[in-house]
1. Based only on other Cβ atoms within 10 Å, what is the fewest-to-most ordering of Cys183, Cys137?
2. If you find the alpha carbon centre of region 186-256 and of region 46-125, how far apart are they in angstrom?
3. Which order results if Met249, Met7 are arranged by neighbouring Cβ count within 10 Å, fewest first?
4. Treating only the Cβ of Lys, Arg, Asp and Glu as charged (+1, +1, -1, -1), what charge dipole size does region 5-264 show about its Cα centre? Round to the nearest 20 debye.
5. Could you work out [θ]222 nm for the chain from helices alone, using -39500 (n - 2.57) per DSSP H run of at least four and dividing by all its residues? Round to the nearest 500 deg cm²/dmol.
6. Using the membrane-span-like helix rule (whole DSSP H runs, Cα extent along the own axis of at least 24 Å, mean Kyte-Doolittle hydropathy at least 0.0), which helices of the chain qualify?
7. Using the alpha carbons of the chain, what is the convex hull volume per residue in cubic angstrom, as a whole number?
8. 5 Å is the cut-off here: which amide hydrogens, built 1.01 Å from N in the peptide plane, fall below it relative to Met249, excluding neighbours closer than 5 in sequence?
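We did not get these values from a lab; they are worked out from the coordinates using the rules stated. No experiment lies behind these values; they were computed from the predicted model shown. Cβ atoms come from the backbone with ideal geometry, glycine included; neighbour counts cover every protein chain shown.
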Amino acid sequence: MKKLNVMVVGAHPDDCEGGCGGTALKYVKAGSRVTFVSVTDGSAGHQTLGRQELAKIRKEEAQASANISGVTSIVLKHRDGELEPNLEARKEMVRLIRKVQPDIIITHRLNDYHPDHRSTSQIIEDSSYLVMVPAICPDTPALNHQPAIFFVYDPFRRPYPFSADVVVRIDDVMEEKLKMTGCHKSQYEAFLPWMAIKQGEIRTDYDVRNYPSDAITQWDRKVAEQYQDALKQRYGHESTTQYAEAYEMSEYGMEIPRADLDEYFPR
Ligand SMILES: [Zn+2]
């Protein structure tokens with residue numbers, strides 16, 4: 001695999017780990033550089049803590065996770081739950097992409113339940129061409145290349161379902177991924193199980209101490225089951241995969257020929 005510069009952009013401080021923590025670990029182990037960006041401060045993600053206190057905690061949690069994986073963690077200051085894909089946010093992202101100079105950007109899709117996820121995706125797609133245009137944000141030198149953009153797996157079906165272009169087996173780094181997600185205690189041990197009980201996804205007598213590993217392993221197992229054929233094609237027909245992360249290439253970034261995708265994602 002090529003040594004790459006990878007920028008993962010999530011709306012909230014735990015989004016990067018949840019969607020592609022395993023792939024990020026594999027990139028770092030293979031000598032690539034990975035930057036995790038949270039566009040919002042995550043300050044709405046708790047049932048009792050106030051915004052100021054929570055923003056500080058969530059930045060620290062993201063850093064603790066980054067210390068395990070070896071990625072660089074950046075948390076921007078937009079208020080959680082209020083992110084808009086406006087001109088100011090676009091210019092901020094154009095400058096940040098130019099500074100990081102990624103070969104690949106990984107982010108949410110445009111169809112997603114959370115407005116911050118949708119806005120993040122829109123901001124990235126709005127920036128994808130402009131990062132090369134010198135007249136836009138002339139205070140930061142324009143890039144000579146356009147990064148490729150990939151979307152992380154989601155289960156939403158309208159207006160069109162996620163279609164995987166590449167799938168990464170993460171069985172060998174699953175334990176480490178759970179350590180990373182486990183750093184986001186305000187989410188996986190408090191807010192997310194509280195919300196899941198509200199939504200009727202787990203029972204009120206569920207032991208929330210199991211929530212982090214249950215939520216992540218179930219999700220990544222579902223991805224592996226859904227893309228078992230693609231995984232067998234990539235890792236050999238005799239192989240089995242328990243946990244996986246999947247990516248769809250955006251039409252707005254640099255297009256990587258299908259035959260070369262293997263070079264851009266760790267095995
Ligand atoms: Zn999120």
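1. Final ranking by Cβ density, sparse to dense: Cys137, Cys183.
2. 20 Å
3. Met249, Met7
4. Result for region 5-264 is approximately 400 debye, rounded to the nearest 20.
5. -12500 deg cm²/dmol
6. Flagged H segments: there are none.
7. 127 Å³
8. Under 5 Å from the amide H of Met249 lie the amide H atoms of Phe151, Asp165, each far enough along the sequence or on another chain.
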